[in-house]
Structures are given as structure tokens and as C-alpha cells.
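> If you scroll down you'll find the structure; I have some questions about it.
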Amino acid sequence: MVWTGTVLAVPGLVDGKSAVKSLRAYHAVDRICDAGKLTAFRGKYKMVDNYPLEHAGRSEAMDVMRCYALMKRTPGDSDTTDYATLDVRVELHKAVDSVPEFAALRQYFEQQKYEITTVPGLGEEAYLAYGDEPTSTDKSFHDINYYLQVRDGGMTYSLYWTDNYQVGKNHTLDRETVRKAMLDDTRDMLKAIGGA
């Protein structure tokens with residue numbers, strides 16, 4: 001009897017499709033980074049041979065697209081080659097509501113003390129999470145992590161960009177340059193899969 005009362009009070013526990021968000025015009029493609037071009041990042045870094053690596057999977061519950069790239073940049077004032085990685089993941093949720101998990105991911109970044117900035121005009125909700133922290137006992141080595149998260153209906157998108165530097169030895173792109181590249185390439189990729 002208690003179980004019946006719970007079902008009546010929270011029908012979404014049984015009828016999961018009642019909360020599914022529309023996918024609108026979003027659709028899966030086999031090679032999302034090729035479709036989206038990565039023009040902004042390719043203008044700053046050179047793609048390492050055999051990259052990007054791209055995969056797509058389709059099922060009744062969810063379509064997933066993924067792209068992983070290793071890139072390198074040789075600063076004009078240095079002989080050092082800097083490497084960075086880019087990881088894109090897009091999920092088209094057909095069977096469940098993506099909103100609670102999207103909110104939980106933001107809470108995770110907040111708990112990890114990332115700097116969170118809301119990004120207006122991108123999907124229904126979007127934010128950029130940024131973290132810069134030492135990589136080891138030598139505090140001069142730093143990893144820089146950027147996560148751009150977007151939700152638009154049942155589509156969720158993540159672009160993860162990471163780079164590194166050593167204080168006083170080499171440098172990385174400034175934050176505004178990275179932010180702009182992430183936004184520009186994201187808009188191109190979302191448009192390539194049916195976004196406005």
C-alpha cells in the first residue's frame with residue numbers, strides 16, 4: 001500500500017518518459033568534430049597526427065557522439081612545444097530527463113572549487129567551469145582545466161579543454177582566448193547536429 005501511494009504521488013518514478021525533453025532538431029552524426037570543424041582551436045594549435053579520434057553510438061535510449069583530440073603549439077618566443085587536449089561529448093537523451101544529471105554535474109564542479117561562469121545565449125542553460133591547480137609537489141607545474149557544459153532540451157554537450165604550464169618557464173593561452181575558442185567551436189558543432 002505504501003508503494004502504491006508513492007507511485008500515485010510521484011508518477012515519474014514509473015512513467016520515466018513523462019519527463020523526457022524534446023531533442024528538437026538535434027541528431028547524431030558519425031564525426032562531430034569534422035562536422036563542426038574546430039576552426040577556432042585549429043587556428044591556435046596544430047592537430048597531432050591521427051587525431052581527432054571520433055566515435056558515435058546509437059541506441060533507443062540515447063545517442064552518443066565523442067571526439068578526442070591531442071594538439072600542440074610551439075610559442076613564437078620558445079623552442080618548447082606545448083600540448084593540450086580537447087574532449088567533446090554529446091548525448092541525445094531519448095528515455096530520461098537530462099535536467100537532474102546536468103544540475104548534479106554543476107554541483108560537482110562547485111564542490112571541487114571550480115570557478116563557474118554562466119554562459120548566456122547558448123542552449124537552455126550553459127556554464128563554463130575553470131580550474132588551475134598544481135600538478136605535483138612542485139607547485140610550479142600547473143594543469144588548467146576548462147569545461148563548457150550545455151543543455152538544450154534532451155541534448156547535453158560537454159567540451160573539456162586542458163593545458164599545462166610551468167611558472168616562469170612556459171605559458172599557455174590566456175583565459176579569454178580559450179573561452180572564445182570554446183564558444184565559437186561549440187556553436188559550430190551544435191549547428192552541425194541541428195542546433196539553431
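> Name the residue from Tyr130, Leu183, Thr85 whose Cα lies farthest towards the positive end of the charge dipole of the chain, charges +1 on Cβ of Lys and Arg and -1 on Cβ of Asp and Glu.
Ranked along the dipole, the leading option is Leu183.
> Please list 3J(HN,Hα) in residue order for the stretch 125-137, calculated via the Karplus relation 6.51 cos²θ - 1.76 cosθ + 1.60 where θ = phi - 60°; whole Hz, with x for glycine and proline.
After applying 6.51 cos²θ - 1.76 cosθ + 1.60, I find 7, 7, 8, 10, 10, 10, x, 9, 8, x, 8, 7, 5 Hz.
> Report ³J(HN,Hα) in whole Hz for each residue of the stretch 183-196, in order, from the Karplus equation J = 6.51 cos²θ - 1.76 cosθ + 1.60 where θ = phi - 60°; Gly and Pro get x.
5, 4, 5, 5, 4, 5, 5, 5, 5, 5, 10, x, x, 6
> Averaged per residue, what accessible area in Å² does the stretch 93-196 show with a 1.4 Å probe, protein chains only?
50 Å²
> Can you work out the FRET efficiency for the pair Glu101 and Thr162, with r the C-beta to C-beta distance and R0 = 22 Å, to the nearest 0.05?
Computed FRET efficiency for Glu101 and Thr162 comes out at 0.50.
> Top mean-square fluctuation among Asp143, Asp82, Asp49, Gaussian network model of the chain, C-alpha springs under 10 Å?
Of the options given, Asp49 has the highest mean-square fluctuation.
> Okay, next question. What list of ³J(HN,Hα) couplings, whole Hz, do you get for the stretch 112-119 from phi and the Karplus terms 6.51, -1.76, 1.60, once you set θ to phi - 60° and write x for glycine and proline?
Result, ordered by residue: 7, 6, 6, 7, 10, 10, 5, 10 Hz.
> Using unit Cβ charges (K, R positive; D, E negative) and no other charged atoms, how large, in debye to the nearest 20, is the dipole of the stretch 93-196 about its Cα centre?
80 debye
> To the nearest 20 debye, what charge dipole does the stretch 23-65 have about its Cα centre, counting +1 at the Cβ of each Lys and Arg and -1 at the Cβ of each Asp and Glu?
Here the size comes out at about 300 debye.
> Greater than 24 Å separation of Cα atoms is the criterion. Which listed pairs, Lys44/Lys191; Lys113/Lys169; Lys44/Lys169; Lys46/Lys180; Lys46/Lys169, meet it? Kindly include the intermediate steps, with their values, before the conclusion.
Details: Lys44/Lys191 22 Å; Lys113/Lys169 26 Å; Lys44/Lys169 20 Å; Lys46/Lys180 18 Å; Lys46/Lys169 21 Å.
Too far apart for the 24 Å limit: Lys113/Lys169.
> Taking the Cα centre as origin and putting +1 on Lys and Arg beta-carbons and -1 on Asp and Glu beta-carbons, what dipole magnitude results for the chain, to the nearest 20 debye?
Numbers: 24 positive and 29 negative charges, 72 e Å.
I would put it at about 340 debye.
The values are calculated or read from the model by the stated rules, or taken from the named source; none is laboratory data. Quantities reported herein were computed from a predicted structural model and do not represent experimental measurements. Note that we place each Cβ from the backbone using ideal geometry, even for glycine, and neighbour counts take in every protein chain shown. When the accessible area is computed, the model is the full protein with side chains, heavy atoms only, and any ligands, DNA or RNA have been set aside. Shrake-Rupley method; radii C 1.70, N 1.55, O 1.52, S 1.80 Å.
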